[in-house]
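See structure below.
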Amino acid sequence: MRTSRQTPVYHRVAALADRQDGVVTRTQLTELGLGRGAIDARVRAGHLHRVHRSVYAVGRRALTTKGRFLAAVLACGHQAVL
């Protein structure tokens, strides 16, 4: 069985995005092992789409209403609620 660090990073990003209605933060991507250059390269390649400052939709621009709400909460920080 693979540990989380042995799982390819794109699988870890996809799993997180699935749990969060398609959105992730730059901090979360960094915690999963992506550096600034890797994140920026994924934005340029169209794998990540900026929704708010440091919040990205993974793999697609279109988000559900719940995904848009969560993106807004993530953009506002740890104390944000909706």
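A short reminder: the numbers here are calculations on the coordinates, not readings from a lab. Not measured: the values here are computed from a predicted model. Ideal geometry is used to build each Cβ from the backbone, glycine not excepted, and the neighbour counts take in all protein chains shown.
Overview of values
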read-out	value
Residues that are in contact with a His (Cβ under 8 Å, 6 or more places away or on another chain) and over 16 Å from residue 16 (Cα atoms), drawn from region 34-74	43, 61, 72
Filtered residue count, region 13-55, keeping only those that are on the phi > 0 side of the Ramachandran plot and touching a Gly at 6+ places or on another chain (Cβ under 8 Å)	2
